[in-house]
1. Where does the Debye-calculated log10 I(q)/I(0) of the stretch 369-465 sit at q = 0.12, 0.17, 0.18, 0.22 Å⁻¹, using only Cα point scatterers of equal weight, no solvent?
2. Put Phe315, Phe83 in order of accessible area, largest first, 1.4 Å probe: what do you get?
3. In what order, largest first, do Cys409, Cys253 sit by accessible area if the probe radius is 1.4 Å?
4. I'd like the Karplus ³J(HN,Hα) series for the stretch 157-168: coefficients 6.51, -1.76, 1.60, θ = phi - 60°, whole numbers in Hz, and an x wherever there's a Gly or Pro.
5. Could you go through the stretch 45-60 in sequence order and give the Karplus-derived ³J(HN,Hα) for each residue, using 6.51 cos²θ - 1.76 cosθ + 1.60 with θ = phi - 60°, rounded to whole Hz, and x for Gly and Pro?
6. Given the pairs Lys75/Lys333; Lys188/Lys355; Lys36/Lys327; Lys188/Lys303; Lys75/Lys188, which span a C-alpha to C-alpha distance of over 26 angstrom in this model?
7. Heavy-atom accessible area of Thr316 with all protein chains present, probe 1.4 Å, nearest 10 Å²?
8. Tell me the relative contact order for the stretch 23-110 as a rounded percent, counting alpha carbon contacts under 8 Å between residues six or more apart.
Amino acid sequence: MTDATSAGANSMWGGRFAGGVDAIMEAINASIGFDKRLYAQDIAGSRAHAAMLAAQGIITEADQQAIDAGLAQVKAEIEAGTFQFSTALEDIHMNVEARLKQIIGEPAGRLHTARSRNDQVAVDFRLWVRDQADAAIEGIDKLMRAFLAQAEAGADWVMPGFTHLQTAQPVTWGHHMLAYVEMLGRDKSRFQDARKRMNESPLGAAALAGTSFPIDRHATARALGFDRPTANSLDSVSDRDFALEFLGAASICAMHLSRFAEELVIWSSAQFRFVKLSDAFTTGSSIMPQKKNPDAAELIRAKLARILGATVALFTVMKGLALTYSKDMQEDKEQVFDAADNLMLGLAAMEGMVKDMTANRDSLAAAAASGFSTATDLADWLVRELNLPFRDAHHVTGSLVARAEAKGCDLPDLTLDEMQSEHPGITPAVYDVLGVDNSVRSRVSYGGTAPDNVRAQVARWKEILG
(Lines give C-alpha, C1' and ligand atoms only; values in the text may rest on other atoms or scores of the structure.)
Protein backbone atom coordinates (compact mmCIF):
# COMPACT_ATOMS: atom_id res chain seq x y z
CA MET A 1 0.00 0.00 0.00
CA THR A 2 1.41 3.42 -0.92
CA ASP A 3 1.58 6.29 1.52
CA ALA A 4 -1.06 8.07 -0.53
CA THR A 5 -3.38 5.08 -0.34
CA SER A 6 -2.82 4.78 3.38
CA ALA A 7 -3.46 8.47 3.88
CA GLY A 8 -6.65 8.17 1.82
CA ALA A 9 -7.86 5.29 3.95
CA ASN A 10 -7.17 7.18 7.16
CA SER A 11 -8.99 10.23 5.82
CA MET A 12 -12.00 8.04 5.17
CA TRP A 13 -11.96 6.89 8.78
CA GLY A 14 -11.60 10.50 9.89
CA GLY A 15 -10.66 11.70 13.33
CA ARG A 16 -13.23 9.52 15.00
CA PHE A 17 -11.45 6.39 13.79
CA ALA A 18 -7.89 7.69 14.07
CA GLY A 19 -7.07 4.57 16.04
CA GLY A 20 -7.54 2.51 12.88
CA VAL A 21 -9.06 -0.96 12.92
CA ASP A 22 -9.37 -1.12 16.72
CA ALA A 23 -11.40 2.10 16.80
CA ILE A 24 -13.63 0.89 13.98
CA MET A 25 -14.30 -2.45 15.68
CA GLU A 26 -15.07 -0.75 18.96
CA ALA A 27 -17.53 1.55 17.23
CA ILE A 28 -19.26 -1.17 15.22
CA ASN A 29 -19.52 -3.54 18.19
CA ALA A 30 -20.75 -0.99 20.72
CA SER A 31 -24.45 -0.74 21.42
CA ILE A 32 -24.27 1.19 24.68
CA GLY A 33 -25.27 4.37 22.87
CA PHE A 34 -28.81 3.02 22.56
CA ASP A 35 -29.18 -0.11 24.72
CA LYS A 36 -28.52 1.83 27.91
CA ARG A 37 -32.28 2.35 27.78
CA LEU A 38 -32.53 -1.25 28.97
CA TYR A 39 -30.78 -0.54 32.27
CA ALA A 40 -33.84 -1.05 34.49
CA GLN A 41 -34.75 -4.32 32.79
CA ASP A 42 -31.13 -5.51 32.85
CA ILE A 43 -30.80 -4.83 36.55
CA ALA A 44 -34.18 -6.44 37.33
CA GLY A 45 -33.17 -9.56 35.41
CA SER A 46 -29.81 -9.73 37.20
CA ARG A 47 -31.37 -9.35 40.63
CA ALA A 48 -33.87 -12.12 39.88
CA HIS A 49 -31.08 -14.34 38.52
CA ALA A 50 -28.88 -13.78 41.59
CA ALA A 51 -31.76 -14.52 43.97
CA MET A 52 -32.46 -17.77 42.12
CA LEU A 53 -28.76 -18.77 42.18
CA ALA A 54 -28.70 -18.30 45.94
CA ALA A 55 -31.97 -20.18 46.46
CA GLN A 56 -30.53 -23.10 44.45
CA GLY A 57 -27.28 -23.06 46.45
CA ILE A 58 -25.22 -22.11 43.40
CA ILE A 59 -23.93 -18.93 45.07
CA THR A 60 -23.93 -17.98 48.74
CA GLU A 61 -26.54 -15.82 50.41
CA ALA A 62 -23.79 -13.35 51.27
CA ASP A 63 -22.76 -13.01 47.64
CA GLN A 64 -26.37 -12.63 46.56
CA GLN A 65 -26.99 -9.87 49.11
CA ALA A 66 -23.85 -8.04 48.00
CA ILE A 67 -24.89 -8.36 44.35
CA ASP A 68 -28.40 -7.13 45.10
CA ALA A 69 -27.20 -4.11 47.07
CA GLY A 70 -24.59 -3.32 44.43
CA LEU A 71 -27.12 -3.49 41.60
CA ALA A 72 -29.46 -1.21 43.53
CA GLN A 73 -26.60 1.31 43.77
CA VAL A 74 -25.86 1.01 40.05
CA LYS A 75 -29.50 1.70 39.23
CA ALA A 76 -29.53 4.72 41.53
CA GLU A 77 -26.39 6.10 39.86
CA ILE A 78 -27.87 5.68 36.37
CA GLU A 79 -31.09 7.39 37.38
CA ALA A 80 -29.17 10.19 39.08
CA GLY A 81 -27.13 10.74 35.90
CA THR A 82 -23.78 10.07 37.58
CA PHE A 83 -23.08 6.69 35.95
CA GLN A 84 -20.21 6.74 33.44
CA PHE A 85 -21.09 4.64 30.38
CA SER A 86 -18.17 3.26 28.41
CA THR A 87 -18.17 2.42 24.70
CA ALA A 88 -15.23 0.09 25.30
CA LEU A 89 -17.51 -2.11 27.42
CA GLU A 90 -19.86 -2.43 24.40
CA ASP A 91 -23.29 -2.75 25.98
CA ILE A 92 -25.47 -2.14 29.00
CA HIS A 93 -24.78 -5.62 30.40
CA MET A 94 -21.01 -5.21 30.55
CA ASN A 95 -21.26 -1.61 31.75
CA VAL A 96 -23.47 -2.64 34.66
CA GLU A 97 -21.33 -5.65 35.53
CA ALA A 98 -18.09 -3.64 35.41
CA ARG A 99 -19.49 -1.01 37.77
CA LEU A 100 -20.86 -3.73 40.03
CA LYS A 101 -17.36 -5.18 40.33
CA GLN A 102 -16.00 -1.77 41.29
CA ILE A 103 -18.60 -1.52 44.04
CA ILE A 104 -18.61 -5.04 45.54
CA GLY A 105 -15.48 -6.69 44.17
CA GLU A 106 -15.15 -10.45 43.67
CA PRO A 107 -18.84 -11.46 44.23
CA ALA A 108 -19.76 -9.53 41.07
CA GLY A 109 -18.01 -12.21 39.03
CA ARG A 110 -20.45 -14.84 40.30
CA LEU A 111 -23.49 -13.03 38.86
CA HIS A 112 -22.94 -14.36 35.36
CA THR A 113 -22.98 -17.99 36.51
CA ALA A 114 -25.42 -20.09 34.44
CA ARG A 115 -26.31 -17.35 31.96
CA SER A 116 -24.99 -15.73 28.81
CA ARG A 117 -25.30 -12.32 27.29
CA ASN A 118 -27.53 -14.06 24.74
CA ASP A 119 -30.29 -14.93 27.20
CA GLN A 120 -29.56 -11.78 29.19
CA VAL A 121 -30.28 -9.45 26.28
CA ALA A 122 -33.26 -11.60 25.26
CA VAL A 123 -34.89 -11.20 28.66
CA ASP A 124 -33.99 -7.50 28.93
CA PHE A 125 -35.42 -6.70 25.53
CA ARG A 126 -38.54 -8.77 26.14
CA LEU A 127 -39.16 -6.96 29.43
CA TRP A 128 -38.72 -3.59 27.72
CA VAL A 129 -41.07 -4.44 24.84
CA ARG A 130 -43.61 -5.77 27.34
CA ASP A 131 -43.47 -2.43 29.16
CA GLN A 132 -44.00 -0.61 25.85
CA ALA A 133 -46.97 -2.83 25.01
CA ASP A 134 -48.50 -1.88 28.37
CA ALA A 135 -47.85 1.80 27.64
CA ALA A 136 -49.42 1.49 24.18
CA ILE A 137 -52.50 -0.20 25.62
CA GLU A 138 -52.90 2.63 28.13
CA GLY A 139 -52.38 5.30 25.46
CA ILE A 140 -54.92 3.68 23.14
CA ASP A 141 -57.41 3.43 25.99
CA LYS A 142 -57.15 7.17 26.64
CA LEU A 143 -57.56 7.99 22.96
CA MET A 144 -60.62 5.74 22.72
CA ARG A 145 -62.21 7.62 25.60
CA ALA A 146 -61.54 10.94 23.83
CA PHE A 147 -63.28 9.67 20.70
CA LEU A 148 -66.15 8.33 22.82
CA ALA A 149 -66.68 11.76 24.36
CA GLN A 150 -66.93 13.26 20.87
CA ALA A 151 -69.31 10.48 19.79
CA GLU A 152 -71.59 10.97 22.75
CA ALA A 153 -71.74 14.74 22.28
CA GLY A 154 -72.54 14.44 18.58
CA ALA A 155 -74.72 11.34 18.47
CA ASP A 156 -77.32 13.13 16.33
CA TRP A 157 -75.20 15.73 14.50
CA VAL A 158 -75.53 15.06 10.78
CA MET A 159 -72.51 15.11 8.48
CA PRO A 160 -71.70 13.67 5.07
CA GLY A 161 -70.42 10.15 4.80
CA PHE A 162 -67.90 9.77 2.01
CA THR A 163 -66.71 7.18 -0.48
CA HIS A 164 -63.90 8.21 -2.84
CA LEU A 165 -64.00 11.47 -0.84
CA GLN A 166 -67.29 12.17 -2.62
CA THR A 167 -70.54 12.75 -0.70
CA ALA A 168 -72.27 9.39 -0.37
CA GLN A 169 -74.92 9.26 2.38
CA PRO A 170 -75.61 11.27 5.53
CA VAL A 171 -74.17 9.86 8.73
CA THR A 172 -73.80 11.23 12.23
CA TRP A 173 -70.71 12.77 13.77
CA GLY A 174 -71.01 10.29 16.61
CA HIS A 175 -71.04 7.37 14.18
CA HIS A 176 -67.90 8.66 12.48
CA MET A 177 -66.12 9.04 15.81
CA LEU A 178 -67.13 5.51 16.78
CA ALA A 179 -65.48 4.14 13.65
CA TYR A 180 -62.14 5.12 15.17
CA VAL A 181 -63.12 3.64 18.52
CA GLU A 182 -63.61 0.33 16.71
CA MET A 183 -60.23 0.61 14.98
CA LEU A 184 -58.46 1.47 18.21
CA GLY A 185 -60.26 -1.37 19.98
CA ARG A 186 -58.66 -3.77 17.50
CA ASP A 187 -55.30 -2.08 18.02
CA LYS A 188 -55.63 -2.51 21.77
CA SER A 189 -56.48 -6.20 21.39
CA ARG A 190 -53.47 -6.73 19.11
CA PHE A 191 -51.12 -5.34 21.73
CA GLN A 192 -52.85 -7.40 24.42
CA ASP A 193 -52.53 -10.58 22.35
CA ALA A 194 -48.89 -9.85 21.54
CA ARG A 195 -48.19 -9.25 25.22
CA LYS A 196 -49.60 -12.65 26.14
CA ARG A 197 -47.35 -14.39 23.61
CA MET A 198 -44.23 -12.48 24.62
CA ASN A 199 -44.75 -13.13 28.33
CA GLU A 200 -42.34 -16.06 28.54
CA SER A 201 -38.90 -15.76 30.08
CA PRO A 202 -35.79 -16.72 28.06
CA LEU A 203 -33.55 -16.24 31.10
CA GLY A 204 -31.65 -19.46 31.82
CA ALA A 205 -31.39 -20.56 28.19
CA ALA A 206 -27.77 -19.42 28.49
CA ALA A 207 -25.81 -19.12 25.24
CA LEU A 208 -28.07 -21.47 23.28
CA ALA A 209 -28.13 -24.95 24.86
CA GLY A 210 -29.21 -24.34 28.45
CA THR A 211 -26.89 -24.93 31.40
CA SER A 212 -25.62 -27.79 33.53
CA PHE A 213 -26.21 -25.81 36.73
CA PRO A 214 -29.36 -26.76 38.68
CA ILE A 215 -31.16 -23.48 38.01
CA ASP A 216 -34.86 -22.84 38.54
CA ARG A 217 -36.12 -21.03 35.45
CA HIS A 218 -39.69 -21.03 36.74
CA ALA A 219 -38.55 -19.00 39.76
CA THR A 220 -36.88 -16.31 37.68
CA ALA A 221 -39.87 -16.23 35.34
CA ARG A 222 -42.22 -15.63 38.28
CA ALA A 223 -39.93 -13.01 39.78
CA LEU A 224 -39.98 -11.03 36.54
CA GLY A 225 -43.72 -11.30 36.02
CA PHE A 226 -43.61 -13.84 33.20
CA ASP A 227 -46.22 -16.56 32.86
CA ARG A 228 -43.62 -19.28 32.29
CA PRO A 229 -40.10 -19.87 30.99
CA THR A 230 -39.56 -20.44 27.28
CA ALA A 231 -39.49 -24.13 26.36
CA ASN A 232 -36.63 -24.32 23.84
CA SER A 233 -33.22 -22.82 24.53
CA LEU A 234 -32.37 -22.39 20.84
CA ASP A 235 -35.56 -20.48 20.17
CA SER A 236 -35.17 -18.53 23.40
CA VAL A 237 -32.03 -16.68 22.35
CA SER A 238 -32.86 -16.35 18.64
CA ASP A 239 -36.50 -15.28 18.84
CA ARG A 240 -37.47 -11.70 18.09
CA ASP A 241 -41.10 -12.42 17.22
CA PHE A 242 -42.17 -10.40 20.24
CA ALA A 243 -40.47 -7.31 18.82
CA LEU A 244 -41.87 -7.95 15.34
CA GLU A 245 -45.39 -8.39 16.72
CA PHE A 246 -45.03 -5.16 18.66
CA LEU A 247 -43.89 -3.36 15.53
CA GLY A 248 -46.70 -4.91 13.49
CA ALA A 249 -49.33 -3.78 15.99
CA ALA A 250 -47.67 -0.37 16.19
CA SER A 251 -47.70 -0.02 12.40
CA ILE A 252 -51.42 -0.79 12.15
CA CYS A 253 -52.20 1.55 15.03
CA ALA A 254 -50.09 4.31 13.49
CA MET A 255 -51.92 3.78 10.21
CA HIS A 256 -55.21 4.39 12.00
CA LEU A 257 -53.81 7.54 13.60
CA SER A 258 -52.60 8.65 10.19
CA ARG A 259 -56.05 8.19 8.65
CA PHE A 260 -57.69 10.41 11.24
CA ALA A 261 -54.83 12.90 10.95
CA GLU A 262 -55.60 13.09 7.23
CA GLU A 263 -59.24 13.75 8.00
CA LEU A 264 -58.29 16.51 10.41
CA VAL A 265 -56.11 18.13 7.75
CA ILE A 266 -59.02 18.06 5.30
CA TRP A 267 -61.74 18.97 7.79
CA SER A 268 -59.89 21.96 9.22
CA SER A 269 -59.30 23.49 5.77
CA ALA A 270 -61.12 26.63 4.63
CA GLN A 271 -62.90 24.56 1.98
CA PHE A 272 -64.47 22.20 4.54
CA ARG A 273 -64.57 24.00 7.90
CA PHE A 274 -65.86 20.85 9.58
CA VAL A 275 -63.65 21.27 12.66
CA LYS A 276 -61.62 23.89 14.42
CA LEU A 277 -58.36 23.19 16.23
CA SER A 278 -56.99 25.59 18.81
CA ASP A 279 -53.61 27.28 18.63
CA ALA A 280 -52.25 24.50 20.85
CA PHE A 281 -52.19 22.08 17.90
CA THR A 282 -51.72 24.44 14.96
CA THR A 283 -49.09 26.90 13.76
CA GLY A 284 -49.14 30.08 11.73
CA SER A 285 -47.38 30.87 8.50
CA SER A 286 -44.21 32.95 8.35
CA ILE A 287 -45.61 34.93 5.41
CA MET A 288 -49.38 34.38 5.22
CA PRO A 289 -51.08 35.82 8.32
CA GLN A 290 -54.42 34.12 7.68
CA LYS A 291 -52.97 30.61 7.83
CA LYS A 292 -53.57 28.15 10.67
CA ASN A 293 -51.70 25.00 9.76
CA PRO A 294 -52.59 21.60 11.30
CA ASP A 295 -48.93 20.74 11.87
CA ALA A 296 -49.53 18.25 14.67
CA ALA A 297 -51.89 16.21 12.48
CA GLU A 298 -49.47 16.34 9.57
CA LEU A 299 -46.59 15.13 11.72
CA ILE A 300 -48.67 12.28 13.13
CA ARG A 301 -49.50 11.35 9.55
CA ALA A 302 -45.78 11.16 8.80
CA LYS A 303 -44.88 9.13 11.90
CA LEU A 304 -46.28 5.99 10.25
CA ALA A 305 -43.38 6.07 7.80
CA ARG A 306 -40.86 5.74 10.62
CA ILE A 307 -42.80 3.00 12.41
CA LEU A 308 -43.46 1.04 9.24
CA GLY A 309 -39.82 1.51 8.24
CA ALA A 310 -38.71 0.04 11.57
CA THR A 311 -40.98 -2.96 11.00
CA VAL A 312 -39.55 -3.64 7.55
CA ALA A 313 -36.00 -3.11 8.83
CA LEU A 314 -36.30 -5.68 11.60
CA PHE A 315 -37.96 -8.21 9.30
CA THR A 316 -35.06 -7.70 6.92
CA VAL A 317 -32.51 -8.24 9.69
CA MET A 318 -34.16 -11.42 10.93
CA LYS A 319 -35.16 -13.12 7.68
CA GLY A 320 -31.71 -14.50 6.81
CA LEU A 321 -30.40 -15.56 10.20
CA ALA A 322 -29.68 -19.22 10.91
CA LEU A 323 -30.18 -20.32 14.50
CA THR A 324 -29.26 -19.11 16.97
CA TYR A 325 -27.75 -15.74 17.88
CA SER A 326 -25.94 -13.56 15.36
CA LYS A 327 -24.47 -10.12 15.88
CA ASP A 328 -26.96 -8.83 13.30
CA MET A 329 -29.53 -9.00 16.08
CA GLN A 330 -27.84 -6.09 17.82
CA GLU A 331 -29.63 -4.01 15.18
CA ASP A 332 -33.05 -4.94 16.59
CA LYS A 333 -33.27 -2.38 19.36
CA GLU A 334 -32.85 1.03 17.75
CA GLN A 335 -35.70 0.28 15.37
CA VAL A 336 -38.06 -0.76 18.16
CA PHE A 337 -37.00 2.09 20.44
CA ASP A 338 -37.71 4.64 17.72
CA ALA A 339 -41.03 3.06 16.76
CA ALA A 340 -42.21 2.90 20.37
CA ASP A 341 -41.24 6.53 21.00
CA ASN A 342 -43.07 7.75 17.92
CA LEU A 343 -46.16 5.64 18.58
CA MET A 344 -46.51 6.99 22.10
CA LEU A 345 -45.95 10.55 20.87
CA GLY A 346 -48.59 10.04 18.17
CA LEU A 347 -51.13 8.61 20.62
CA ALA A 348 -50.61 11.44 23.09
CA ALA A 349 -50.81 14.13 20.41
CA MET A 350 -53.90 12.60 18.83
CA GLU A 351 -55.63 12.34 22.20
CA GLY A 352 -54.93 16.03 22.71
CA MET A 353 -56.30 16.97 19.30
CA VAL A 354 -59.45 14.87 19.63
CA LYS A 355 -60.18 16.52 22.98
CA ASP A 356 -59.33 19.93 21.55
CA MET A 357 -61.23 19.88 18.26
CA THR A 358 -64.59 21.60 17.98
CA ALA A 359 -67.02 20.40 15.34
CA ASN A 360 -68.79 23.04 13.24
CA ARG A 361 -72.33 21.66 13.27
CA ASP A 362 -73.63 24.14 10.70
CA SER A 363 -70.93 23.26 8.18
CA LEU A 364 -71.39 19.55 8.82
CA ALA A 365 -75.15 19.76 8.33
CA ALA A 366 -74.88 21.88 5.18
CA ALA A 367 -72.39 19.45 3.68
CA ALA A 368 -74.56 16.48 4.67
CA ALA A 369 -77.46 17.91 2.67
CA SER A 370 -75.37 18.56 -0.45
CA GLY A 371 -74.39 16.26 -3.27
CA PHE A 372 -77.74 14.42 -3.44
CA SER A 373 -76.79 12.54 -0.29
CA THR A 374 -80.33 11.19 0.20
CA ALA A 375 -80.55 9.59 -3.23
CA THR A 376 -80.24 6.12 -1.73
CA ASP A 377 -83.08 6.94 0.68
CA LEU A 378 -85.24 7.82 -2.30
CA ALA A 379 -84.38 4.56 -4.05
CA ASP A 380 -85.11 2.60 -0.87
CA TRP A 381 -88.48 4.38 -0.55
CA LEU A 382 -89.41 3.41 -4.12
CA VAL A 383 -88.61 -0.22 -3.32
CA ARG A 384 -90.40 -0.20 0.02
CA GLU A 385 -93.50 1.84 -0.90
CA LEU A 386 -93.99 1.14 -4.62
CA ASN A 387 -92.57 -2.39 -4.67
CA LEU A 388 -90.14 -1.53 -7.47
CA PRO A 389 -87.16 -3.83 -8.04
CA PHE A 390 -84.10 -2.06 -6.66
CA ARG A 391 -82.49 -1.74 -10.09
CA ASP A 392 -85.61 0.01 -11.42
CA ALA A 393 -85.70 2.24 -8.35
CA HIS A 394 -82.02 3.02 -8.88
CA HIS A 395 -82.80 4.11 -12.47
CA VAL A 396 -85.73 6.32 -11.44
CA THR A 397 -83.64 7.94 -8.72
CA GLY A 398 -80.78 8.55 -11.13
CA SER A 399 -83.18 10.31 -13.51
CA LEU A 400 -84.45 12.51 -10.67
CA VAL A 401 -80.87 13.35 -9.64
CA ALA A 402 -80.13 14.37 -13.23
CA ARG A 403 -83.27 16.54 -13.29
CA ALA A 404 -82.31 18.22 -9.98
CA GLU A 405 -78.75 18.72 -11.18
CA ALA A 406 -79.99 20.39 -14.38
CA LYS A 407 -82.30 22.61 -12.35
CA GLY A 408 -79.52 23.51 -9.90
CA CYS A 409 -81.34 22.23 -6.83
CA ASP A 410 -81.31 19.25 -4.47
CA LEU A 411 -83.77 16.33 -4.48
CA PRO A 412 -86.10 17.72 -1.75
CA ASP A 413 -86.48 20.87 -3.86
CA LEU A 414 -88.08 19.05 -6.80
CA THR A 415 -91.87 19.46 -7.04
CA LEU A 416 -94.19 16.50 -6.78
CA ASP A 417 -95.09 16.94 -10.47
CA GLU A 418 -91.41 16.71 -11.37
CA MET A 419 -91.08 13.61 -9.25
CA GLN A 420 -94.14 11.99 -10.79
CA SER A 421 -92.87 12.70 -14.30
CA GLU A 422 -90.25 10.03 -13.63
CA HIS A 423 -92.67 7.68 -11.88
CA PRO A 424 -96.40 8.40 -11.43
CA GLY A 425 -96.65 6.34 -8.26
CA ILE A 426 -94.56 8.76 -6.20
CA THR A 427 -96.63 10.43 -3.44
CA PRO A 428 -96.01 13.39 -1.11
CA ALA A 429 -94.81 10.88 1.50
CA VAL A 430 -91.51 10.72 -0.37
CA TYR A 431 -90.46 14.03 1.15
CA ASP A 432 -90.43 12.43 4.59
CA VAL A 433 -87.32 10.42 3.67
CA LEU A 434 -85.40 13.09 1.77
CA GLY A 435 -84.20 15.20 4.73
CA VAL A 436 -80.79 14.28 6.14
CA ASP A 437 -82.12 13.99 9.68
CA ASN A 438 -84.80 11.58 8.51
CA SER A 439 -82.14 9.68 6.58
CA VAL A 440 -79.83 9.07 9.54
CA ARG A 441 -82.76 8.20 11.84
CA SER A 442 -83.84 5.52 9.39
CA ARG A 443 -80.48 3.68 9.46
CA VAL A 444 -81.45 1.48 12.39
CA SER A 445 -79.76 -1.76 11.29
CA TYR A 446 -77.14 -3.01 13.76
CA GLY A 447 -73.98 -0.98 13.22
CA GLY A 448 -75.91 1.74 11.39
CA THR A 449 -75.68 5.47 11.89
CA ALA A 450 -79.05 6.12 13.60
CA PRO A 451 -78.55 8.34 16.68
CA ASP A 452 -80.09 5.74 19.00
CA ASN A 453 -77.64 3.18 17.62
CA VAL A 454 -74.77 5.55 18.27
CA ARG A 455 -75.86 6.09 21.86
CA ALA A 456 -76.16 2.35 22.38
CA GLN A 457 -72.64 1.79 21.02
CA VAL A 458 -71.25 4.56 23.20
CA ALA A 459 -72.81 2.85 26.23
CA ARG A 460 -71.39 -0.50 25.15
CA TRP A 461 -67.88 0.88 24.80
CA LYS A 462 -68.09 2.72 28.10
CA GLU A 463 -68.93 -0.58 29.78
CA ILE A 464 -66.07 -2.35 27.99
CA LEU A 465 -63.53 0.31 28.95
CA GLY A 466 -64.84 0.54 32.50
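The values are calculated or read from the model by the stated rules, or taken from the named source; none is laboratory data. Predicted, not measured: the structure shown is a model, and the values here were computed from it. Here the Cβ is made from the backbone with ideal geometry for all residues, glycine too, and neighbour counts use every protein chain on show. Remember, those area values only see protein heavy atoms, side chains included, never the ligands or the DNA or RNA. Shrake-Rupley method; radii C 1.70, N 1.55, O 1.52, S 1.80 Å.
1. For the stretch 369-465 at q = 0.12, 0.17, 0.18, 0.22 Å⁻¹, log10 I(q)/I(0) is -0.44, -0.74, -0.80, -1.08.
2. In descending accessible area the options line up as Phe315, Phe83.
3. Ranked list, largest accessible area first: Cys409, Cys253.
4. 7, 7, 8, x, x, 10, 10, 6, 6, 10, 4, 10
5. So the Karplus estimates, Gly and Pro as x, are x, 5, 5, 5, 5, 5, 4, 5, 4, 5, 4, 8, x, 7, 10, 7 Hz.
6. Pairs exceeding the cut-off: Lys75/Lys188.
7. 80
8. Normalised by residue count, the contact order of the stretch 23-110 is 42 percent.
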